[in-house]
Amino acid sequence: MSSLKVHNSYSKKKEEFASIIPNHVGMYVCGPTVSGESHLGHARPFITFDVIYRYLKHLNYKVRYVRNITDAGHFEEEGRAAEDKISKKAVLEKLEPMELVQKYTNLFHWAMKQFNNLDPSIEPTATGHIVEQINMIEKIIADGYAYVVNGSVYFDVKKYAGKYPYGKLSGRVLDDLLETTRDLEGQDEKHNKQDFALWKAAPPEHIMRWKSPWGEGFPGWHIECSAMSTKYLGEQFDIHGGGMDLMFPHHESEIAQSTICNKHVPARYWLHNNMITINGRKMGKSYNNVIRLTELFSGNHELLTQAYSPMTIRFFILQTHYRSTLDFSNEALQAAEKGLKRLWEAYEELQKLEFDAYKERNEELEKTFYKLCGEFDEFMNDDFNTAKVLANMFTLVSNINSLKSGNLEKTTLSADCYAYVKKQFKAYVEDILGLQDENEDKRGRLNGVLDLLIDLRKEAKSKKDYVTSDKIRNQLNRLGILMKDEKDGNISYSFEK
RNA sequence: GGUUCCGUGGCCGAGUGGCUAGGCAGAGCUCUGCAAAAGCUUCUACAGCAGUUCGAAUCUGCUCGGAACCUCCA
């Protein structure tokens, strides 16, 4: 079997993966900013790295997966009037940052559950690690790579770049940045335009503030990740993940901060997922083209012709490689929805298939099964190519359906082969790709009712009482339950979305 | 303006030198009381131009088109 290779954004090459401590992996992924609702674009990294997390576990690594919650900064709820922040109002009338943060954190967790993402091992919050951040900043100041101006602290990028390869991750050249950086708030305080804030002094109306050696303020935008990843994963860890749009300045700054404090680039492998686009454009607040997850699940958005389930979205995302852009459209989502349904039904069918003693062995067919299932591992080892895994699965779907219908003889395969295919499918469909049955809740006691109706329909059919049999089928159909006559005389059913 | 990336059939997307994934849609056939489902078959593409090569979607150059980052951003 091949070994795991990952595309490292830091070296811009595909590299053999080797963990620092054998059998253990430390992985840090930039989490959500909980000042608003997550949208479709946000779903991508969390699903991507969930699959990576699952796959590493499948490879028997003990993984510590850390994903932060950014709940500190310049907070203001989307659309909420800025006056809320003025402190003269009564406590209950004021925007309470923690309330806002709680609301969106809960919503985020709800969405992650919907997607069947596993919980990270540790989900630290920025507000819970102010002390660690302050300590780190002090260290950077002591080392001479940061300076204090009016209660704010800035990182001295120019000095850093003199000694370390600043811009390596994002392919940035310091001199170019000098030319192009636009005017930003607090620019006049910085020694150089490319410097970034480690700590910002809080103006009086700012609602989030903490005491620090430099006065009341709040942490800069990048220091939380450096502080929390160091705390929970160590000075150097294996994988750092996030969206490509975070490479600069966020991850570049993280590297600079950690390099000064810990004398290391924090992570060995930097993995970045690409963006979800809509009409070829990145989905983002500034483009005014976001579809929130709640809207997606409910279909309640002008761009949506219908609702899409969390699993449909998960499948949609996994059908393309994580480093490619993925373009949203109703057509594409509908295709994913149908594809997933077909895959899932065949998967359930497979688990029900029983081994029949040989009549005549079909070696060609067995070889095909072994090959297609074996390649799942190869494809995942090649930088987590879920798209190829799914392609193979669909080829297998045809074969499974043929076995079911008798187009292919069940008696031509060995028990070993059945067992292997079942095992691989289960491992990949459920454990690694993290797909799950969306109709589970509808099943249960409904099953018994449907079995009864199936019996009645069979009876009617055997008496050629097609009026009754059609009535049962058609009525159920109207309720979104499809009855299907199988070749062998059995009747099966499936739920429409 | 700088840096980087991309342009694959009706749509979404794999794919890095020869063997032309896969899903969805369309067409035909088979099965079937009728349907549905499923199976089989079919439609077969690599923005354009030039070059390298026995051979290119895949390498090089140019042209056109699009995007991301350079600002919070998954």
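Tell me which residues, restricted to the range A:213-229, are more than 21 Å from A:LEU100 (Cα to Cα) and surrounded by fewer than 22 Cβ atoms within 10 Å (Cβ to Cβ).
Matches in the range A:213-229: A:PRO213, A:TRP214, A:GLY215, A:GLU216.
What are the residues in the range A:230-246 that are more than 10 Å from RNA strand B (Cβ to nearest atom) and crowded, with 21+ Cβ neighbours inside 10 Å, if any?
A:THR230, A:LEU233, A:PHE237, A:ASP238, A:ILE239, A:HIS240
How many residues are within 12 Å of A:THR412 (Cβ to Cβ) and surrounded by fewer than 17 Cβ atoms within 10 Å (Cβ to Cβ) if we restrict to the range A:333-366?
Qualifying residue count, the range A:333-366: 9.
Could you run through the range A:403-449 and say how many residues are charged (D, E, K, R) and at pLDDT 85 or above? First the steps, then the outcome.
Filtering the range A:403-449 down to residues charged (D, E, K, R) leaves A:404, A:409-410, A:416, A:422-423, A:426, A:430-431, A:437-438, A:440-443, A:445.
This time we only want the ones that are at pLDDT 85 or above, so: A:404, A:409-410, A:416, A:422-423, A:426, A:430-431, A:437.
Adding up the residues that qualify gives 10.
For the range A:378-394, which positions are part of a helix (DSSP H, G or I), open to solvent by less than 20 Å² (accessible area, probe 1.4 Å) and more than 8 Å from RNA strand B (Cβ to nearest atom)?
A:MET380, A:ASN381, A:THR386, A:VAL389
Residues of the range A:454-491 being charged (D, E, K, R) and near RNA strand B (Cβ under 9 Å from one of its atoms), which ones?
Hits for the range A:454-491 are A:ARG457, A:LYS461, A:LYS464, A:ASP470, A:ARG473, A:LYS484, A:ASP485, A:GLU486, A:LYS487.
Residues of the range A:482-497 being out of contact with any Asp or Glu (no Cβ under 9 Å at 6 or more places or on another chain), surrounded by 14 or more Cβ atoms within 10 Å (Cβ to Cβ) and touching a residue at least 40 places away in the same chain (Cβ under 8 Å), which ones?
Of the residues in the range A:482-497, the ones out of contact with any Asp or Glu (no Cβ under 9 Å at 6 or more places or on another chain) are A:483-490, A:493, A:496.
Add one more test, that the residue is surrounded by 14 or more Cβ atoms within 10 Å (Cβ to Cβ), and what stays is A:483, A:485, A:493.
The answer is A:TYR493, and nothing else.
Determine whether A:LYS464 is under 17 Å from A:GLU349 (Cβ atoms) and exposed (fewer than 12 other Cβ atoms within 10 Å of the Cβ).
Values: under 17 Å from A:GLU349 (Cβ atoms): no; exposed (fewer than 12 other Cβ atoms within 10 Å of the Cβ): yes.
No, not satisfied.
Is it the case that some residue within the range A:61-73 is within 30 Å of A:ASN300 (Cβ to Cβ) and open to solvent by 10 Å² or more (accessible area, probe 1.4 Å)?
yes
List the pairs whose first member sits in the range A:296-319 and is of a type in the set (D, E, K, R), whose second member is surrounded by fewer than 23 Cβ atoms within 10 Å (Cβ to Cβ) and part of a loop (DSSP other than H, G, I, E, B), and whose Cβ atoms are under 8 Å apart, counting only residues at least 6 apart or on separate chains?
Sorted first by the residue in the range A:296-319, then by its partner, the pairs are A:ARG314/A:PHE115; A:ARG314/A:ASN116; A:ARG314/A:GLY434; A:ARG314/A:LEU435.
Pull out all pairs, ordered by first then second residue, where Cβ-Cβ is under 8 Å, the residues are six or more apart or on different chains, the first lies in the range A:150-176 and is within 19 Å of A:SER11 (Cβ to Cβ) and touching a residue at least 40 places away in the same chain (Cβ under 8 Å), and the second is more than 11 Å from RNA strand B (Cβ to nearest atom) and among the polar types (S, T, N, Q).
Close Cβ pairs (under 8 Å, with a partner that is more than 11 Å from RNA strand B (Cβ to nearest atom) and among the polar types (S, T, N, Q)) amount to A:TYR164/A:THR259.
Residue by residue through the range A:15-33, note down the ones that are more than 10 Å from RNA strand B (Cβ to nearest atom) and surrounded by fewer than 23 Cβ atoms within 10 Å (Cβ to Cβ).
Quick first cut of the range A:15-33, residues more than 10 Å from RNA strand B (Cβ to nearest atom) only: A:15-28.
Residues satisfying the conditions are A:GLU15, A:GLU16, A:PHE17, A:ALA18, A:SER19, A:ILE20, A:ILE21, A:PRO22, A:ASN23, A:HIS24.
Scan the range A:211-238 and report the pairs whose first residue is aromatic (Phe, Trp, Tyr) and whose second residue is part of a helix (DSSP H, G or I), with Cβ atoms within less than 8 Å and a gap of 6+ or a chain change.
Partner pairs satisfying both residue conditions: A:TRP221/A:HIS250; A:TRP221/A:SER253; A:PHE237/A:SER229.
Applying the selection to the range A:395-413, what residues are open to solvent by 10 Å² or more (accessible area, probe 1.4 Å), touching a residue at least 24 places away in the same chain (Cβ under 8 Å) and not charged (D, E, K, R)? Steps first, please.
Just the residues of the range A:395-413 that are open to solvent by 10 Å² or more (accessible area, probe 1.4 Å), to begin with: A:395, A:398-399, A:401-402, A:404-412.
Add one more test, that the residue is touching a residue at least 24 places away in the same chain (Cβ under 8 Å), and what stays is A:399, A:401, A:404-406, A:408-412.
Within the range A:395-413, A:ASN399, A:ASN401, A:SER405, A:GLY406, A:LEU408, A:THR411, A:THR412 qualify.
Would you mind telling me which numbered condition in (1) surrounded by fewer than 14 Cβ atoms within 10 Å (Cβ to Cβ); (2) polar (S, T, N, Q); (3) closer than 21 Å to A:THR48 by Cα A:THR320 fails?
(1)
Looking at the structure I just gave you, is A:MET311 away from RNA strand B (no atom under 13 Å from the Cβ), modelled with pLDDT of 95 or more and either among the aromatic types (Phe, Trp, Tyr) or at negative phi (or both)?
Yes, satisfied.
Among what's in the range A:247-282 and is buried (at least 20 other Cβ atoms within 10 Å of the Cβ) and small (Gly, Ala, Ser), pick the residue that is nearest to RNA strand B (Cβ to nearest atom).
Ranking the candidates gives A:SER253 first.
Could you tell me which of the residues A:ASP451, A:ASP416 is away from RNA strand B (no atom under 13 Å from the Cβ), in a helix (DSSP H, G or I), farther than 20 Å from A:LYS5 by Cα and not assigned by TED's automatic domain parsing to the domain that holds A:PHE316?
A:ASP451
The values are calculated or read from the model by the stated rules, or taken from the named source; none is laboratory data. Everything quoted here is computed from the prediction, not taken from an experiment. Using ideal geometry, Cβ is built from the backbone for each residue, glycine included, and neighbour counts are taken over all protein chains shown. These accessible areas exclude ligands, DNA and RNA; they are computed on the full protein's heavy atoms, side chains included. Shrake-Rupley method; radii C 1.70, N 1.55, O 1.52, S 1.80 Å.
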